[in-house]
Amino acid sequence: MALLCLGAAALASAVCALSLGTPYVPPARLPATLGSDGLAGLVVTELRLPRMVLALIAGACLGAAGLVLQEALRNPLAVPEMLGVSSGAALGVAAPLVLALAVPLGLQPFLALGGAALGGLLTLVAAGFGRSPSAVLLTGAAVAAALQAALLVLMVMADQLDLQLIYRYLLGSLSARTWDDVTGLLPWLAVAVPALVLCVPVLGVLRLGDDDARALGVRVERARVAALGIAVVLIAPVVAVCGPVAWVGFLAPHLARRLHPDGGAAGWLVRSAVCGAIVVLCADQPARLALAPVETPVGAWTALVGVPVGVVLLKRGRRPARDRGPVSLPAPVTPPDAPAPVLRKAER
């Protein structure tokens, strides 16, 4: 039933993404409108369709990155926003804009990648290169707060026009995105997808604990550094194109585990990517239509909906283990012909 609901939500959001707006295109005419020479065909093919595809790709990348971080650190609260990765990527893109540096659009993903790598490296260095998952999470929250403070300093230095651009960018937006933005993400996906395939068996071993993973031959610290590197490659280009779309990496893994609680890392990774894509696509519709003709950032809607829903899923996931009563062990059975136990003096 949950899969059917997600599929129906994805289909309805896709139809709304292509049909609603100015001009309005009835759903029955969408196949004939795609690729046509009229105004409606141009709008649907060159504006709405790439925006929908970009929402799906961005959501899938963020959902997969969130699951990788949560499994590597064995913490359901490990999200890109709390490890300094998203803040570092946003700082790498926003700094040249404030400092009036002419940077080509093709270099923005590399700036975001450098900023995300800087935030992740600061987190790992301060936490002792991943020796303790809880230390990595707490240190990452501190590094993210420091990078966000640096972003606030840049916003104070910016003029009014740059301030509006930075503010809209920091909330995450899919407005005015074209096929060039979509194709700019494809080389990064060509690197990240094989790395994810290689990373899945290691994530399954890390869930057993550090001691058991070492006993099975996994170098735990290196595995966590590699997982953070894969998350950086997934998050940085998305942040460069769309901005930091918040809390998708938190909500999508919890939805994936809720759909299949007994699944392994491979199944959860695929489901988390699918759930992330559906979440961003669904959130983009109110962002585009709620206050039309003014568009609101999609990151505001993902945070507004994702945080309470994720907290509810997190609490429901813990409730069965908490509500179970005390486990009563059966009393040991003593054979009838067994000799009576001899009590020591202190026990007597």
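Only one of Arg207, Arg219, Arg214 is of a type in the set (D, E, K, R) and within 22 Å of the chain's Cα centre (by Cα). Can you tell me which? After ruling out the rest, the residue left standing is Arg207.
Annotation: of all residues in region 1-59 being β-branched (Val, Ile, Thr) and under 18 Å from Ser173 (Cα atoms), the one that is farthest from the chain's Cα centre (by Cα) is Val53.
Considering region 267-299, and only residues there that are of a type in the set (A, V, I, L, M) and over 16 Å from the mean Cα position of the chain (by Cα), the residue that is surrounded by the most Cβ atoms within 10 Å (Cβ to Cβ) turns out to be Ala287. Pairing residues of region 268-290 that are over 20 Å from Leu4 (Cβ atoms) with residues that are modelled with pLDDT under 95 and among the acidic types (Asp, Glu), at Cβ distances under 8 Å and at least 6 apart in sequence or on separate chains, gives Ala287/Glu295; Arg288/Glu295.
Could you pull out the residue among Gly38, Gly59 that is in contact with a helix residue (DSSP H, G or I) (Cβ under 8 Å, 6 or more places away or on another chain) and not hydrophobic (A, V, I, L, M, F, W, C)? When all the criteria are applied, what remains is Gly59.
Reported count of residues in region 203-219, each being crowded, with 19+ Cβ neighbours inside 10 Å and within 15 Å of Ala64 (Cα to Cα), is 1. Within region 155-183, residues that are within 19 Å of Thr302 (Cβ to Cβ) have Cβ atoms under 8 Å from residues that are surrounded by fewer than 19 Cβ atoms within 10 Å (Cβ to Cβ) and among the acidic types (Asp, Glu) in these pairs: Ser173/Glu295; Ser175/Glu295, counting only partners at least 6 apart in sequence or on another chain. Go over the candidates Val156, Val182, Val193 one by one and state the one that is β-branched (Val, Ile, Thr) and over 23 Å from the mean Cα position of the chain (by Cα). Among Val156, Val182, Val193, only Val156 is β-branched (Val, Ile, Thr) and over 23 Å from the mean Cα position of the chain (by Cα).
Could you tell me whether region 101-118 includes any residue that is of a type in the set (Phe, Trp, Tyr) and closer than 26 Å to Val53 by Cβ? Within region 101-118, one or more residues are of a type in the set (Phe, Trp, Tyr) and closer than 26 Å to Val53 by Cβ.
Are any residues in region 230-256 of a type outside the set (Val, Ile, Thr) and over 12 Å from Gly63 (Cα atoms), and if so, which ones?
Going through region 230-256, the residues of a type outside the set (Val, Ile, Thr) turn out to be 231, 234, 236-237, 240, 242-244, 246-247, 249-256.
If the condition is that a residue be of a type outside the set (Val, Ile, Thr) and over 12 Å from Gly63 (Cα atoms), then Ala236, Pro237, Ala240, Cys242, Gly243, Pro244 are the ones that fit.
Only helices (runs of 4 or more DSSP H) whose full extent lies in region 136-250 are considered here, and the ones with at least 1 residues that are modelled with pLDDT of 85 or more are 179-206, 210-215, 220-242.
The number of residues in region 184-200 that are touching a residue at least 12 places away in the same chain (Cβ under 8 Å) and either in contact with a helix residue (DSSP H, G or I) (Cβ under 7 Å, 6 or more places away or on another chain) or more than 30 Å from Leu47 (Cα to Cα) (or both) comes to 9.
In region 218-234, the residues that are touching a residue at least 12 places away in the same chain (Cβ under 8 Å) reach residues that are of a type in the set (Ser, Thr, Tyr) with C-beta atoms within less than 8 angstrom, at least six apart or across chains, in these pairs: Leu228/Thr123.
Checked against the criterion of being within 30 Å of Ala8 (Cβ to Cβ), of a type outside the set (Asp, Glu) and modelled with pLDDT of 85 or more, the candidates Pro297, Pro320 yield just one match: Pro297. Cβ-Cβ contacts under 7 Å between residues 6 or more apart (or on different chains), taken from a first residue in region 54-65 that is without any contact (Cβ under 8 Å) to a residue 60 or more places away in the chain to a second residue that is of a type in the set (S, T, N, Q) and surrounded by 24 or more Cβ atoms within 10 Å (Cβ to Cβ), are absent.
The values are calculated or read from the model by the stated rules, or taken from the named source; none is laboratory data. The model shown is predicted, which means the values in this text are computed figures rather than measured ones. Counting neighbours? That spans all protein chains shown, and the Cβs are built from the backbone with ideal geometry, glycine included.
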